[in-house]
Amino acid sequence: MIRFIGDIPAKSDSKGRFFLPAALRKTLQSFGEERLVLQKDIFQDCLVLSPESVWNEKVDLLQKKLNPFNKLQAHVMRQYVVDSELITLDSNGRLLIPKRYLQKAGIENGVHFLGVNNTIEIWASEKMEGVFMDGEEYAKTLENLMQDNPD
């Protein structure tokens, strides 16, 4: 299973392209992933890059949960799929993020690429404060979580 890790800052070039950090590119390549799907995160003020296979798994899971003959559920599926953009890296490992996505996440210049399990989050550098829990809260939450699920 594909896994990304790390917090890597980056800036756009003069044409608004970002280099996908080498460590993240290598992970993609080792799993034979060439295409990515870009979405605005549902809960957070960031963008999410998913390898196409991971995105397809999420769509399959959502589709199993939804009734296509229920108006609200059909609308949820439509919005989830339409609010996505297929992204391919150029030969130099750069990606061009469409302006509407940059605006949705408030990205103006610098970003942080965060490897989060099987996706890559893209955060505006200015919005990084508050992204992480403080150390004590994180430790306590993790401790409680692991006690509740000992396997």
Selection over the range 26-44 where residues are surrounded by fewer than 15 Cβ atoms within 10 Å (Cβ to Cβ) and in contact (Cβ under 8 Å) with a residue 60 or more places away in the chain yields a count of 1
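Among Leu95, Leu114, Leu72, Leu102, which is the only one that is surrounded by 11 or more Cβ atoms within 10 Å (Cβ to Cβ), part of a helix (DSSP H, G or I) and not small (Gly, Ala, Ser)? Outline the logic, then answer.
Details: Leu95 fails: part of a helix (DSSP H, G or I); Leu114 fails: part of a helix (DSSP H, G or I); Leu72 fails: surrounded by 11 or more Cβ atoms within 10 Å (Cβ to Cβ).
Answer to the check: Leu102.
Taking the stated definitions as given, is Leu86 open to solvent by 30 Å² or more (accessible area, probe 1.4 Å) and either within 25 Å of Ala22 (Cα to Cα) or among the hydroxyl-bearing types (Ser, Thr, Tyr) (or both)? Please lay out each step first, then the result.
Numbers: open to solvent by 30 Å² or more (accessible area, probe 1.4 Å): yes; either within 25 Å of Ala22 (Cα to Cα) or among the hydroxyl-bearing types (Ser, Thr, Tyr) (or both): yes.
In short, yes.
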Scan the range 82-92 and tell me whether some residue there is part of a helix (DSSP H, G or I), over 13 Å from the mean Cα position of the chain (by Cα) and farther than 14 Å from Cys46 by Cα. yes
Restricting to the range 1-25, and then to whatever is of a type in the set (A, V, I, L, M) and part of a loop (DSSP other than H, G, I, E, B), can you tell me which residue is surrounded by the fewest Cβ atoms within 10 Å (Cβ to Cβ)? Met1
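The values are calculated or read from the model by the stated rules, or taken from the named source; none is laboratory data. The structure presented is a predicted model; accordingly, all values stated were derived computationally and were not measured. Cβ atoms come from the backbone with ideal geometry, glycine included; neighbour counts cover every protein chain shown. Each accessible area value is taken on the protein alone, full model and side chains, heavy atoms only, with ligands, DNA and RNA left out. Shrake-Rupley method; radii C 1.70, N 1.55, O 1.52, S 1.80 Å.
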